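The values are calculated or read from the model by the stated rules, or taken from the named source; none is laboratory data. Predicted, not measured: the structure shown is a model, and the values here were computed from it. Methodologically, a virtual Cβ is constructed for each residue, glycine included, from the backbone with ideal geometry; neighbour enumeration extends over all protein chains shown. SASA here: full protein model, heavy atoms, side chains in, ligands and nucleic acids out. Shrake-Rupley method; radii C 1.70, N 1.55, O 1.52, S 1.80 Å.
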Amino acid sequence: WRRSGGGDFARRYDATVHGESSYFVWLNRSKESVTLDLKSERGRHVLEQLLADADVFVQNLAPGAADRMGLGPEALAARFPSLIPCAISGYGTSGPWADRKAYDLLVQCQTGLVSLTGNEHGTARAGVSVADIAAGMYAYSGILTALFRRATTGVARAVEVSLFEALAEWVSQPAYYTRYGGSQPPRIGTQHATIAPYGTYTAADGKDVLFSIQNEREWSALCEGFLRRPELVADPRFATGSARVTHRQELNAVVSARFTESDSAEVMRQLDEAGIANAGVNDIEEFLAHPVLSARDRWRDVPIPGGATVRALRPPADLAGTAPRMDAVPSAGEHTGAVLAALGYGRDEIDAMRADHVI
């Protein structure tokens with residue numbers, strides 16, 4: 001709902017996808033784009049018309065902005081009792097940080113995630129926007145819950161999600177470990193902080209392979225079928241999960257030595273044969289060529305502004321008997337005229353609003 005003249009600033013984070021932002025292309029397939037000046041009387045009137053027929057209103061305006069514009073949950077409930085408002089904020093709409101700005105990496109820092117990510121040489125951010133994604137997914141499930149609640153009770157309930165509380169839920173396991181164990185899990189790169197062996201090791205061809213041991217049956221299979229060291233099964237240093245974590249360095253030395261004897265393909269073949277979960281450590285180019293995605297027909301061509309097309313993944317949740325929408329990524333304000341026409345506005349009215357920068 002930004003004014004015309006550029007739209008969402010995420011459109012300009014980068015220009016790597018045929019001149020478009022990779023972030024915007026990722027998030028805006030199959031959406032319609034309307035530009036509307038909400039500070040103008042006519043712009044607000046259009047919004048009110050849209051809300052009157054809407055099921056859900058999602059906003060992540062700056063702290064306090066929605067309430068000042070009469071778009072807070074209480075005000076909306078009074079005007080549109082069947083509407084489900086969803087507010088996405090940084091640290092919640094109440095409390096001591098309600099007015100504080102929040103971006104993904106700031107929230108990664110505040111929840112302690114950055115302190116868990118990296119290795120002994122330093123911390124690192126997660127490679128994708130996990131706080132944003134977590135908040136979006138909880139908003140999605142909260143909205144679905146509210147829609148179901150409305151369908152069964154007739155009452156529309158507001159939904160609120162904050163980036164901080166969404167990611168706080170995701171770091172609950174290390175939080176429990178820290179609160180009740182006395183220290184937080186160590187930062188050890190691709191090794192698992194509380195399970196061993198569980199991490200990456202370098203094969204003879206230089207490629208890293210990750211594998212995981214989850215129980216004593218798998219530990220026995222690893223020792224006998226891959227390490228070729230059956231005596232290690234009952235070795236007191238490695239006989240239990242906690243013992244293997246305590247003696248991680250000694251265990252890593254044994255595993256690393258075995259990895260140098262075979263290339264990555266052979267390592268993975270032998271781990272498969274032993275029933276041990278494993279995976280090569282792919283880069284993004286290898287991910288893009290992944291055989292699962294091609295064999296399951298997950299890629300589609302999607303138009304983007306300017307006339308180019310991009311390869312986009314189908315949504316991950318398949319609904320039997322239906323095909324997902326895989327429509328274009330819109331240019332800023334591309335659908336404003338069509339939406340206004342659907343509301344009953346004539347061409348002259350639309351042209352006048354465009355001339356006055358209302359749309």
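A few points about this structure:
- So residue 131, is it open to solvent by less than 30 Å² (accessible area, probe 1.4 Å), assigned to a helix (DSSP H, G or I) and more than 30 Å from residue 52 (Cβ to Cβ): yes
- Total residues in segment 260-287, condition open to solvent by 40 Å² or more (accessible area, probe 1.4 Å) and among the aliphatic types (A, V, I, L, M): 6
- Hey, residue 312 touching a Gly at 6+ places or on another chain (Cβ under 6 Å), under 20 Å from residue 22 (Cα atoms), among the small types (Gly, Ala, Ser) and surrounded by 14 or more Cβ atoms within 10 Å (Cβ to Cβ) or not: no
- Subset of segment 148-173 (residues that are among the charged types (D, E, K, R), touching a residue at least 40 places away in the same chain (Cβ under 8 Å), in a helix (DSSP H, G or I) and open to solvent by 90 Å² or more (accessible area, probe 1.4 Å)): 165
- Checked against the criterion of being more than 30 Å from residue 148 (Cβ to Cβ), over 25 Å from the mean Cα position of the chain (by Cα) and open to solvent by 90 Å² or more (accessible area, probe 1.4 Å), the candidates 12, 42 yield just one match: 42.
- Flag for residue 51 being within 22 Å of residue 8 (Cβ to Cβ), without any contact (Cβ under 8 Å) to a residue 40 or more places away in the chain, assigned to a loop (DSSP other than H, G, I, E, B) and open to solvent by less than 40 Å² (accessible area, probe 1.4 Å): no
- Selected residue (only one of 180, 198, 176 is in contact with a strand residue (DSSP E or B) (Cβ under 6 Å, 6 or more places away or on another chain), modelled with pLDDT of 95 or more, open to solvent by 50 Å² or more (accessible area, probe 1.4 Å) and not hydrophobic (A, V, I, L, M, F, W, C)): 198
- Residues satisfying the criterion are present in segment 241-249 (criterion: of a type in the set (S, T, N, Q), without any contact (Cβ under 8 Å) to a residue 12 or more places away in the chain, exposed (fewer than 13 other Cβ atoms within 10 Å of the Cβ) and farther than 15 Å from residue 200 by Cα).
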